[in-house]
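What follows is calculated from the coordinates using simple rules that are stated; it is not laboratory data. All figures in this text were calculated on a predicted structure; none of them were measured in a lab. Neighbour counts run over all protein chains shown; Cβ positions are idealised from the backbone, glycine included.
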Amino acid sequence: LAYVKWFTPFAKPVMPLQMSEVSYSSRNGRLMGEVIEVSSIRRSCHMVPKFGKALRKAVR
């Protein structure tokens, strides 16, 4: 068994990197997740965070 966090479907790729943006899938304000059989996993997916332009003071 595996716990999976669900995300929104891929959107149109964003320039200039041609990467699609996704966000957590939610229903009634609650994030969606599910326990599924490992055999039903088709493939893994690497996720890269989208960073803002400014650093927080705690990071500097």
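A few notes on this one:
- Listed values for the range 32-38 are Karplus-derived 3J(HN,Hα) couplings in whole Hz (6.51 cos²θ - 1.76 cosθ + 1.60, θ = phi - 60°), namely 9, x, 7, 8, 10, 5, 4, and x replaces Gly and Pro.
- Interchain or long-range residues, amide H under 5 Å from Phe7's placed H: Ser25
- Measuring r between the beta carbons of Ala11 and Ala54 and using R0 = 22 Å, the FRET efficiency lands at 0.35.
- The chain, dipole about Cα centre (Lys/Arg Cβ +1, Asp/Glu Cβ -1), debye to the nearest 20: 440
- Split the chain at each of the chymotrypsin sites (Phe, Trp or Tyr not before Pro) in a DSSP loop with at most 13 other beta carbon atoms within 10 Å, and the longest piece is 11-50.
- Computed from backbone phi, the HN-Hα couplings of the range 44-52 come to 8, 9, 7, 10, 10, x, 9, 8, x Hz, rounded to whole numbers (Karplus: 6.51 cos²θ - 1.76 cosθ + 1.60, θ = phi - 60°; Gly and Pro given as x).
- For the range 16-23, 3J(HN,Hα) per residue [Karplus equation, 6.51 cos²θ - 1.76 cosθ + 1.60, θ = phi - 60°, Hz, x = Gly/Pro]: x, 8, 6, 10, 7, 9, 10, 9
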